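The values are calculated or read from the model by the stated rules, or taken from the named source; none is laboratory data. It should be emphasised that the depicted structure is a prediction, and the values quoted were computed from it without experimental measurement. Methodologically, a virtual Cβ is constructed for each residue, glycine included, from the backbone with ideal geometry; neighbour enumeration extends over all protein chains shown. The area values use the complete protein model at the heavy-atom level, side chains included, leaving out ligands, DNA and RNA. Shrake-Rupley method; radii C 1.70, N 1.55, O 1.52, S 1.80 Å.
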Amino acid sequence: MRKIKISESTEEIVVGNIFCIGRNYAEHAKEMQSDVPVNPMIFLKPSSSIISDGDKIIFPKISKLLHHEVELVVAIGKTAKHIPANQAKNHILGYAVGLDMTLRDLQNEAKKQGAPWTVAKGFTTSAPVSEIILAEKIKNPHDLTITCKVNGVIRQNGSTSEMIFKIDKLIEYISSIFTLEAGDLIFTGTPVGVGEVKPGDIVEAELIGYTKISHPVIAA
């Protein structure tokens, strides 16, 4: 059972489902040589993949290519299904910065075979997430900057304004298929600039002006 701290509070939430959105930034889709999807592309991570600031990212032996993907994470605070876009904000507890760590070689092979991405995306330590910033503290979640540094060098620097599917539409779409529950997380997609990390690297993700995380990468 994984828990995430709420900023400026002693409270924590128990993480439930982790819904991840693929190709939600056009430039990232281009760098992956993929088409922009017509509807949000959803995949899942297990809650056991969550780690907190300072924890180690473990590079599994089954892969030879580990990539970073920085993302804005939405934390759901109220359980519901079939949530209209104009009511989505009423179901948001807050926001965090996260990393969708990806075994790119395994993902590429899965794509070729038409197989699920679960192993490539859901391995243990694949979902570093910061503390949650309450929604009331963030005026506009579509006017935020998220960055990823590796060994102090900026690799990704993107604006959430570039999302193809905005947060209200993601919540509407996801909840039309699944029941969104309090404690669920939505990884909203990554901007351009994903890249390789190796054992010994330090990966930092930041939601500029609000929160950040730092993680050493180690070999399994």
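Yes/no per residue for (1) within 30 Å of A220 (Cα to Cα); (2) surrounded by fewer than 16 Cβ atoms within 10 Å (Cβ to Cβ):
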site: E12; (1), (2): yes, yes
site: I21; (1), (2): yes, no
site: A26; (1), (2): no, yes
site: E31; (1), (2): yes, yes
site: V36; (1), (2): no, yes
site: I42; (1), (2): yes, no
site: F59; (1), (2): yes, no
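Within the range 93-121, being in contact with an Asp or Glu (Cβ under 9 Å, 6 or more places away or on another chain) and under 19 Å from L144 (Cβ atoms) holds for G94, A96, V97, G98, L99, D100. The lone criterion from (1) acidic (D, E); (2) within 21 Å of M32 (Cβ to Cβ); (3) open to solvent by 10 Å² or more (accessible area, probe 1.4 Å) left unmet by D100 is number (3).
In the range 24-73, of all residues being within 23 Å of I213 (Cβ to Cβ) and among the hydroxyl-bearing types (S, T, Y), the one that is modelled with the lowest pLDDT corresponds to Y25.
Every residue, every condition in (1) among the hydrophobic types (A, V, I, L, M, F, W, C); (2) open to solvent by 40 Å² or more (accessible area, probe 1.4 Å); (3) more than 27 Å from T79 (Cβ to Cβ); (4) not in a strand (DSSP E or B), yes or no:
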{"site": "G183", "(1), (2), (3), (4)": "no, no, no, yes"}
{"site": "I186", "(1), (2), (3), (4)": "yes, no, no, no"}
{"site": "P191", "(1), (2), (3), (4)": "no, no, yes, yes"}
{"site": "E196", "(1), (2), (3), (4)": "no, yes, yes, no"}
{"site": "P199", "(1), (2), (3), (4)": "no, yes, yes, yes"}
{"site": "E206", "(1), (2), (3), (4)": "no, yes, yes, no"}
{"site": "K212", "(1), (2), (3), (4)": "no, yes, yes, no"}
{"site": "V217", "(1), (2), (3), (4)": "yes, no, yes, no"}
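Of everything in the range 63-78 that's in contact with a strand residue (DSSP E or B) (Cβ under 7 Å, 6 or more places away or on another chain), open to solvent by 20 Å² or more (accessible area, probe 1.4 Å) and assigned to a loop (DSSP other than H, G, I, E, B), which residue is nearest to S130 (Cα to Cα)?
So the residue we want is G77.
Scanning the range 103-125 for residues that are of a type in the set (G, A, S) and open to solvent by less than 20 Å² (accessible area, probe 1.4 Å) yields A110, A120, G122. Among the residues making up the range 136-175, a single one is assigned to a strand (DSSP E or B), small (G, A, S) and buried (at least 17 other Cβ atoms within 10 Å of the Cβ): G158. A single entry from T124, T188 fulfils the requirement of being farther than 26 Å from V36 by Cα, under 15 Å from the mean Cα position of the chain (by Cα) and not acidic (D, E): T124.
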